[in-house]
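Here the structure is laid out as structure tokens; the discussion comes afterwards.
The values are calculated or read from the model by the stated rules, or taken from the named source; none is laboratory data. Remember, it's a predicted structure, so these values are computed and weren't measured experimentally. Cβ sites come from the backbone with ideal geometry, for glycine too, and all protein chains shown count toward neighbours.
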Amino acid sequence: MNPVLNIDLILADEAATVALGRALAPLLAIGDFVTLTGDLGAGKTALARAIVRTRMGREDEDVPSPTFTLIQTYDAPDLLITHADLYRLDDPSELRELGLGEALDEGAVLMEWPDRMDRLPSSRLDIVLTLVAGEGGARRARLTGQGSWANRLDTLNI
């Protein structure tokens, strides 16, 4: 049976979202698949940006949203990070052209709007961000580690 671990966090603001990304970044390994779902403006791209910048070792690294390009890649010192956004994808068959299988062979994939995929890897980290009404920018983060991520998520230091 595939182990699963859930962690629920309240992130007070974007700085807390960035802190979560910094804490997750060292846990990434080759072959990892991380899904980012949630409300528009809840911080999916901010979280991905923090992960990428931390692994790159550069806070000034340009990490634009891949909404229009669909994919951005970053050659971090120890692994390739592919940040994808499937919001504009109309059909799951278009995924084959993006080369995500090869991206997992060489590094980790951070995937926004993964519901556009017809199949997700069974070992993955799912992150759901939702805005908390009346809390001035607070977000709720639900992290679900499946497979190898269940053990790694247990070591998260935030």
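A few notes on this one:
- For the range 30-66, the candidate set comprises residues that are hydrophobic (A, V, I, L, M, F, W, C), touching an Asp or Glu at 6+ places or on another chain (Cβ under 9 Å) and touching a residue at least 40 places away in the same chain (Cβ under 8 Å); within that set, the residue that is nearest to L104 (Cα to Cα) is I30.
- Residues (within 14 Å of I127 (Cβ to Cβ), modelled with pLDDT under 95 and of a type in the set (G, A, S)) located in the range 17-47: G38, A42, G43, A46
- Screening L24 on (1) in contact with a strand residue (DSSP E or B) (Cβ under 7 Å, 6 or more places away or on another chain); (2) buried (at least 23 other Cβ atoms within 10 Å of the Cβ) shows it passes everything except condition (1).
- The set of residues from the range 34-63 being surrounded by fewer than 23 Cβ atoms within 10 Å (Cβ to Cβ) and of a type in the set (D, E, K, R) comprises D39, R49, R53, R58, E59, D60, E61, D62.
- Hey, L95 at pLDDT below 90, over 18 Å from I30 (Cα atoms) and either out of contact with any helix residue (DSSP H, G or I) (no Cβ under 7 Å at 6 or more places or on another chain) or in a loop (DSSP other than H, G, I, E, B) (or both) or not: yes
- Residue in the range 73-85 that is in contact (Cβ under 8 Å) with a residue 60 or more places away in the chain, at negative phi and not basic (K, R) present: no
- When L89, L110, L129 are screened for being within 18 Å of I30 (Cβ to Cβ) and either in contact (Cβ under 8 Å) with a residue 40 or more places away in the chain or in a loop (DSSP other than H, G, I, E, B) (or both), only L110 passes.
- Yes/no for N6 being within 20 Å of L120 (Cα to Cα), modelled with pLDDT under 90, among the polar types (S, T, N, Q) and surrounded by fewer than 16 Cβ atoms within 10 Å (Cβ to Cβ): no
- Some residue of the range 9-19 being of a type in the set (S, T, Y) and surrounded by fewer than 18 Cβ atoms within 10 Å (Cβ to Cβ): no
- Scanning the range 64-85 for residues that are part of a loop (DSSP other than H, G, I, E, B), surrounded by fewer than 20 Cβ atoms within 10 Å (Cβ to Cβ) and of a type in the set (A, V, I, L, M, F, W, C) gives F68, L70, L79.
- Residue that is surrounded by the most Cβ atoms within 10 Å (Cβ to Cβ) [pool: residues in the range 113-126 that are in contact (Cβ under 8 Å) with a residue 60 or more places away in the chain and of a type outside the set (D, E, K, R)]: L125
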